Amino acid sequence: MADFLEQLHQGKRRFRGVEIDEIDCSGIEAYELDLRDCTFRNVSFHGAVLEGLQTQSCAFVRCNFSHAKLMESQFKETSFYRLSAECTFYEADCRLTKFEECDIRLAIFERARLFRSAFQKCNATGASFYRADFNRVTKIIDCNFRMVDLRDAQLAKCDLHKTTFEQADLREANLSKCNLTECNFAGAMTAHLNIKEADLRGANIAEFDIRKLDFTGVKMYEEQGKVLLENAGITLVERT
């Protein structure tokens, strides 16, 4: 364990197959770390400077990245989840950071900075992005965001297509001008959700209430519109 910290201080940046348990890496500065097939358990990276971090096939178990600087990092096929041992990125700087085929179930990204971040084919079931700052141009593509907390999240103009938001908490979230094509919103909580000018073509929006949401400028297929009207008690008849 101590060897890992010592090697970091000596400037080593490439690690393969190491297993690290219960050490405090808070505040360390380690730019452009390259980790492959590594496992970290109960490790604190609180406030650490880890810009340019690269991981491949790694596992982080109950690790703390709160307030860490992870700008321009790339996580591939990396797990941040173990039952009752999720990770936290509270107020972390994840700008320009990419998560690809990662398991981030139940992870805490509350108030994280996620400008130009990207999530692709990730499982984020139950994760919390409460008041996370995506600040537009974020990509969340073909992901499982089931039961995710996105309250007050700022996602305007983001690309979210083919992502599942089933039973997600989207109250007060801003999804205006988003690409929401082929998304699934079944059972989602949508009070005060902003979807103005969003592209909803092919999305499961059957439970959206046209009496409570502002559909100004949205795009959808004709059959989707008919379902929304019927759910609102409006009967369409052809002119004779």
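Things worth noting here:
- Every condition in (1) at negative phi; (2) over 18 Å from the mean Cα position of the chain (by Cα) is met by Phe75 except one, and the failing one is (2).
- The residues of segment 190-228 that are at pLDDT below 95, farther than 18 Å from Phe165 by Cα and in contact with a Ser or Thr (Cβ under 8 Å, 6 or more places away or on another chain) amount to a single one, Lys212.
- Test: Phe145 is under 22 Å from Arg201 (Cβ atoms), among the aromatic types (Phe, Trp, Tyr) and either buried (at least 20 other Cβ atoms within 10 Å of the Cβ) or out of contact with any helix residue (DSSP H, G or I) (no Cβ under 8 Å at 6 or more places or on another chain) (or both): yes
- Qualifying position, being within 21 Å of Ser117 (Cα to Cα), in contact with a Leu (Cβ under 9 Å, 6 or more places away or on another chain) and open to solvent by 40 Å² or more (accessible area, probe 1.4 Å), among Asn174, Asn135: Asn135
- Cβ-Cβ under 6 Å pairs, at least 6 apart or on other chains, segment 121-146 side within 14 Å of Lys98 (Cα to Cα) and at pLDDT below 90, far side among the basic types (Lys, Arg) and part of a loop (DSSP other than H, G, I, E, B): Val137/Arg116
- No other residue among Arg111, Arg116 is open to solvent by 10 Å² or more (accessible area, probe 1.4 Å) and over 19 Å from His161 (Cα atoms) apart from Arg111.
- Applying the criterion of being within 15 Å of Phe109 (Cβ to Cβ) and in contact with a strand residue (DSSP E or B) (Cβ under 7 Å, 6 or more places away or on another chain) to the residues of segment 47-67, the residue that is most open to solvent (accessible area, probe 1.4 Å) is Asn64.
- Summed over segment 148-164, residues that are surrounded by fewer than 24 Cβ atoms within 10 Å (Cβ to Cβ) and either within 23 Å of Arg62 (Cβ to Cβ) or aromatic (Phe, Trp, Tyr) (or both) total 1.
- Answer residue from segment 21-45, given it is under 18 Å from Ser66 (Cβ atoms), out of contact with any Cys (no Cβ under 7 Å at 6 or more places or on another chain) and assigned to a strand (DSSP E or B) and is least open to solvent (accessible area, probe 1.4 Å) among those: Arg41
The values are calculated or read from the model by the stated rules, or taken from the named source; none is laboratory data. Remember, it's a predicted structure, so these values are computed and weren't measured experimentally. Reconstructed Cβ throughout: ideal geometry from the backbone, glycine too, with neighbour counts over all protein chains shown. With ligands, DNA and RNA removed, areas are computed over all heavy atoms of the protein, side chains included. Shrake-Rupley method; radii C 1.70, N 1.55, O 1.52, S 1.80 Å.
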